[in-house]
Amino acid sequence: MDHSLDAHLRLLLEQQRRAFLAEPLPSLAQRRERVARVLRMSREHADAIAAAIGQDFGHRAPQETALADLFTVQTAARHTLRHLRAWMRPRRMPTALHFWPGRNRLLPQPLGVVGVIAPWNYPWQLALSPALAALAAGNRVLIKPSELTPATSALMARLVGEYFAPEEMQVVTGGAEVARAFAALPFDHLFFTGSTAVGRLVAQAAAPNLTPVTLELGGKSPVIVHASADLARVAERLAYAKLLNAGQTCIAPDYVLAPHGLVEPLAQAVLAAMRRLYPRIAGNPDYSSIVNTRHHARLQGLLDEARTRGARLLPSHADQPEDRRLVPHLLLDVDEDMAVMREEIFGPLLPIVGCEDLDEALRFVQRRDRPLALYFFGQDAAARERVLRETHAGGVTVNDCLWHIGQEDQPFGGVGASGQGAYHGRWGFERFSHLKPIFLQPRWAGTRLFQPPYGRVFESLLGLLRRLAG
């Protein structure tokens, strides 16, 4: 490791830690003002942020940035401003009868300094959403954005430097070496969004410091299409969700499980829906590019390997873009050993797998790592409840895709290999807080009757408690 880099990062951390120790419990007004600055920064520089993200991708529709990066941060900030007073309030907790007249309280307390390692696919949202939750909880924040979006990262560093003092929030740019050193810092909490493979490395780097980590990872998010589903509606919503940001979304549908008899009509309906949404791919201003040549080549490799091994590839369009816009493909007749069925796709490729019945679809999902998202399409309530009961996923949307991530009144996070910990709304505030339990003992308390010397009074009281508890 570069010792000068490590020393520099530790200096930044220490600067924020000193500021936190000088102000360990920021007031409601201070926290609201910091959250409002995130909102103002995202709103006042929306065009510049969209331009930077478009530059980093080669092309990304500014409308997608407006919705998925900017609107989500602004919505989270407004939600936080409305509810922060209630979240901060010390909470009365129940107190067992035998501890009366003592009383329990729960005090939300800031952790200290929070580190945020953000990915490239939604570079503004996935850096600033956890950061504003950490600020709302009263913490200081260091952000390490992705090196794959250098224009956005540089703009973020400049804007955060204009809107925040370095001891409040600061952005650290750089490549993989900076990320490794950043993850090894003794933060009070470390928040990472990215791939499962890199998430393991981040957890290992944080472990020597016993730094608590939240890992928002990915995985292969399945779509279960039941025989009772409306295929036209499934196709429209599936096509939109798969092609948003050209499939470069951590909760994008990764593969579809459908009854054998529906595979072909569903595939044709999805292709038709893709063509309605995007009449052409080459030069289409609404369709985003793959972020770089390496990822474009990776996706092309998935297609080539699947074709070689016997999969049927159905392109949505005949045109062949000369830039990094990749033509969407459906893949039929795939087998489980193909890379496209083993690896998270993160692009506009969608396998459709035929199943005998719902039992087989459930077994298919159950024997794989738990995904970040799961989607069910169908009007059969009993089938829907079976899917919800018998599968594990970070979150679920029923009869659509993606939209559970936008619910500030619900937690968002993974489970198992797709992550640990959740945020959004109150869950984000609590993720970056220590909920400190406090027992308030009055001057006169019955607990002295349990002190030695032990005798009949002790035995009688203990017997009474056992009867009350039993």
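Considering only segment 94-114, I want to know if a residue exists there that is assigned to a strand (DSSP E or B), within 19 Å of Phe412 (Cβ to Cβ) and aliphatic (A, V, I, L, M).
yes
State which residue pairs qualify: first residue outside the structural domain of Ala96 (by TED's automatic domain parsing) and loosely packed, with under 10 Cβ neighbours inside 10 Å and inside segment 438-457, second residue assigned to a helix (DSSP H, G or I) and hydrophobic (A, V, I, L, M, F, W, C) in any location, beta carbons under 9 Å apart, and separation of 6 or more residues or different chains.
Sorted first by the residue in segment 438-457, then by its partner, the pairs are Gln451/Phe458; Pro452/Phe458.
Go through the residues of segment 419-435 one by one and say whether even a single one is more than 23 Å from the chain's Cα centre (by Cα), surrounded by fewer than 20 Cβ atoms within 10 Å (Cβ to Cβ) and among the charged types (D, E, K, R).
no
Only one of (1) surrounded by fewer than 19 Cβ atoms within 10 Å (Cβ to Cβ); (2) within 21 Å of Gly219 (Cβ to Cβ); (3) in contact (Cβ under 8 Å) with a residue 60 or more places away in the chain; (4) not charged (D, E, K, R) is not met by Leu332, so which one is it?
(2)
Which one is farthest from Tyr375 (Cα to Cα) among residues in segment 190-205 that are part of a helix (DSSP H, G or I) and touching a helix residue (DSSP H, G or I) at 6+ places or on another chain (Cβ under 6 Å)?
Selected residue: Ala205.
Give the residue, chosen from Gly174, Gly138, Gly219, that is within 30 Å of Leu374 (Cα to Cα) and in a loop (DSSP other than H, G, I, E, B).
After applying the criteria, what remains is Gly219.
What number of residues within segment 190-228 are crowded, with 19+ Cβ neighbours inside 10 Å, in contact with a His (Cβ under 9 Å, 6 or more places away or on another chain) and not polar (S, T, N, Q)?
1
Name the pairs whose Cβ atoms lie under 7 Å apart, with the first residue in segment 201-221 and modelled with pLDDT of 95 or more, the second crowded, with 22+ Cβ neighbours inside 10 Å and of a type in the set (D, E, K, R), and 6 or more positions between them or separate chains?
Within 7 Å, the pairs are Thr214/Arg431; Lys220/Asp254; Ser221/Asp254.
If you take the residues in segment 344-376 that are in a loop (DSSP other than H, G, I, E, B) and of a type in the set (A, V, I, L, M), which one is surrounded by the fewest Cβ atoms within 10 Å (Cβ to Cβ)?
Of everything passing the filter in segment 344-376, Ile345 is surrounded by the fewest Cβ atoms within 10 Å (Cβ to Cβ).
In segment 229-237, is there at least one residue being crowded, with 23+ Cβ neighbours inside 10 Å, farther than 27 Å from Gly347 by Cα and of a type outside the set (D, E, K, R)?
no
The values are calculated or read from the model by the stated rules, or taken from the named source; none is laboratory data. As the structure is a prediction and not an experimental result, all values here were calculated from the model. All Cβ positions, glycine included, derive from the backbone under ideal geometry; neighbour counts span all protein chains shown.
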